[in-house]
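See below for the structure under consideration.
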Ligand SMILES: [Fe+2]
């Protein structure tokens, strides 16, 4: 769905001492053909890497906890179709959830894990390989780059959702089943859901059980990774053991596309049936530019609101 311009990517640099020769191994022609279009699996070399032992992850969690909005967790049974905000019960601390991860039905996420220098270098290397294999210049196209770490209990479900990032999910420990849907299938993911996602609700994608057989399902084991294209709906379930996975991702500088969805959200609210993006270059251009000021004002208002709440 992203409008991507490609450029000749620079050759990948030799790995620094202590870094793996390569993180990803995959058929390069297939990678270039399918990247950000459809999901596929590949091999990675980070399973067993010292940066992702439970001891190191515990230290990273402790260092990250004081930073606002960088750790998210909940505990308890969760359904595929539940929203992020539908919190299962958690009458214990995150430290206890981590310590007793085998039995707490917990889901612990560390955002921005590249604050750890070693994880930072692995992210840079991984995305350099993505750049080399996809032909997409991330220096030109990427707005953000991030590593997210997921530490989850046996059998735990991650509810159905879409993300704004283009990502690779690497299984480090344990097994996990992932179901990924086609982001261009408008029965699976409607225009209204996309408009709401980019405007007001990061949980806007609605799971449709009767369309489950349209998903591509992959059983991830240590050493395997899966590519999740931008906005491709997905849900996951752990196997019998605890699971550690890392997500190396980037977000496109796709403000224009996001602004078309935002303009369409407003138009639909006003009773109109807006034209989806990609059908009229001129209209997309108008909507993209037309939303620049309201979005900037909205961001400024949000920043001021946060500042006043802090002060
Ligand atoms: Fe996700």
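FYI, it's all coordinate maths here, none of it is from the lab. All figures in this text were calculated on a predicted structure; none of them were measured in a lab. Because the Cβ atoms are built from the backbone with ideal geometry, glycine has one as well, and the counts that use them run over all protein chains shown.
So the values come out like this:
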quantity: Criterion violated by residue 80 - all others in (1) in a helix (DSSP H, G or I); (2) farther than 16 Å from residue 247 by Cα satisfied; calculated: (1)
quantity: Scan of segment 87-124 for residues that are touching a strand residue (DSSP E or B) at 6+ places or on another chain (Cβ under 9 Å), in contact (Cβ under 8 Å) with a residue 24 or more places away in the chain and in a loop (DSSP other than H, G, I, E, B), ordered by number; calculated: 101, 104, 105, 111, 112, 116
quantity: Selection from segment 234-252 of residues that are within 11 Å of the ligand (Cβ to nearest atom) and within 20 Å of residue 155 (Cα to Cα); calculated: 234, 235, 236, 245, 247
quantity: Residue match in segment 145-162 (condition: more than 28 Å from residue 102 (Cβ to Cβ) and more than 12 Å from the ligand (Cβ to nearest atom)); calculated: yes
quantity: Residue 237 vs. criteria touching a residue at least 40 places away in the same chain (Cβ under 8 Å) and touching a helix residue (DSSP H, G or I) at 6+ places or on another chain (Cβ under 8 Å); calculated: no
quantity: Complete set of residues in segment 125-160 that are in a helix (DSSP H, G or I) and either closer than 26 Å to residue 235 by Cα or more than 17 Å from the chain's Cα centre (by Cα) (or both); calculated: 125, 126, 127, 128, 129, 130, 131, 132, 133, 134, 139, 140
quantity: Segment 163-185, subset in a strand (DSSP E or B) and near the ligand (Cβ under 10 Å from one of its atoms), residue nearest to residue 52 (Cα to Cα); calculated: 169
quantity: Test: residue in segment 199-207 that is over 16 Å from the mean Cα position of the chain (by Cα), away from the ligand (no atom under 11 Å from the Cβ), buried (at least 17 other Cβ atoms within 10 Å of the Cβ) and part of a helix (DSSP H, G or I); calculated: yes
